[in-house]
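> Below is a structure I'd like to ask you about.
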Amino acid sequence: MFKCEIENINHEILTLTQNESEYQVMSITGLNPPNAQINRSTVAGMDGTKFNSSKLNERAITIILKLNGDVEKTRIKLYSFFNTKYWCKLYYKNATRNVYIEGYCEVNEVDLFTNNELMQVTIICPNPYFKAIDEIIDDVSKVINLFEFPFAHGTKGGVNYSTVDGTDDAVAFSVIDSNKVTNVKNESESQTGMIIEVEFIKDVDKLEIKNTGNGETFTLNYGSSGGFIDGDKLIIDTNKGSKSITLIRNATEINIFPALKKGSTFFQLNIGDNYFSYLADDGTNDDGVIIVFKHYTIYGGV
């Protein structure tokens, strides 16, 4: 049993399955992993070929629907969801996966002169991966929340958090772990990019995020432009084809790509474990930023 829905450019969603009084899904092709393009070359004196690179081709999904009931009314209704040249989003859910994929309607063909009208729709998906519905969010910040109920006051409870004047009447709401490394686990079937969101609660001139597993770094030097200030929000998109660095200040979006240090890497999450840490102003203002990583689990097929 599966469920299939389509979303049009107006963000209206139509359920294609379990509505046989109007239309019936006869078949859907293109749900398997798409074909790969393997680039290779011949080398003199060597048998076979040499592998150079590989990539997945775009995905083409073809849906065949049988029109029932008031066929004229049903056909016009489906035209608004499978509108050729326009964006659409296909949702697919079965017993093991709940995913979606975005694309553009290329073909919508109906034989108007038969008793049993069939509509054949083709959706071209430039990004061939299905994405899981639920977004994965990882908090990379070094601020560790300690406030709990019931809480210990002073030395009671076995932990002593002293105030600045030396008394033991303080209650610790949080602490900074300068050595904190966060594991961002990618359970996808391929590498994937992510969205990095940074909220600034102090003034910061320089921010460096590091993949401690392979040594890759992403560094922004913004001090020469006045630096990041309390209330700023930074959004870094590392997804291929949509890489960007956007600062949001007073509801205004600012492209700060020029602040990116030469040699920086737009991180890609490898399959499995990925370990990250960061430094704000070389560690002196680590408590001045709140950082979260957001990504989707992606699949080659359903």
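> Might you tell me the accessible area per residue for the chain, computed with a 1.4 Å probe and given in Å²?
Per residue, the chain has 56 Å² of solvent-accessible surface.
> Could you work out what % of the accessible surface of segment 191-302 is carbon and sulfur, using a 1.4 angstrom probe and leaving DNA, RNA and ligands out of the count?
Percent of accessible area from carbon and sulfur atoms in segment 191-302: 46.
> Separate question: Rounded to the nearest percent, how much of the accessible area of segment 13-113 (1.4 Å probe, protein heavy atoms only) is carbon and sulfur?
48 percent
> Taking H as built 1.01 Å from N, whose amide H comes closer than 5 Å to the amide H of Asp203, not counting residues under 5 places away?
Result for Asp203 returns Asp230.
> For segment 62-141, state which trypsin sites (Lys or Arg not before Pro) are in a DSSP loop and have at most 10 other beta carbons lying within 10 Å of their beta carbon.
Here the sparse-neighbourhood loop sites are Lys85.
> A follow-up question, please. Determine the sum of side-chain charges near Pro34: Lys and Arg each +1, Asp and Glu each -1, restricted to other residues whose C-beta is under 14 angstrom from that of Pro34.
That works out to 0.
> Report, in deg cm²/dmol and to the nearest 500, the calculated mean residue ellipticity at 222 nm for the chain, where each DSSP H run with n ≥ 4 adds -39500 (n - 2.57) and the sum is divided by the residue count.
-1000 deg cm²/dmol
> Given the C-alpha centroids of segment 1-73 and segment 270-285, what is the distance between them in whole angstrom?
37 Å
> Computed from the coordinates I sent, Kirkwood radius over Cα pairs in Å equals one of (1) 19.3; (2) 23.4; (3) 20.4. Tell me the label.
Read-out taken from this structure: (2).
The values are calculated or read from the model by the stated rules, or taken from the named source; none is laboratory data. Since we're looking at a predicted model, the values are computed, not measured. Reconstructed Cβ throughout: ideal geometry from the backbone, glycine too, with neighbour counts over all protein chains shown. Ligands, DNA and RNA are excluded from the accessible area calculation, which covers all protein heavy atoms including side chains. Shrake-Rupley method; radii C 1.70, N 1.55, O 1.52, S 1.80 Å.
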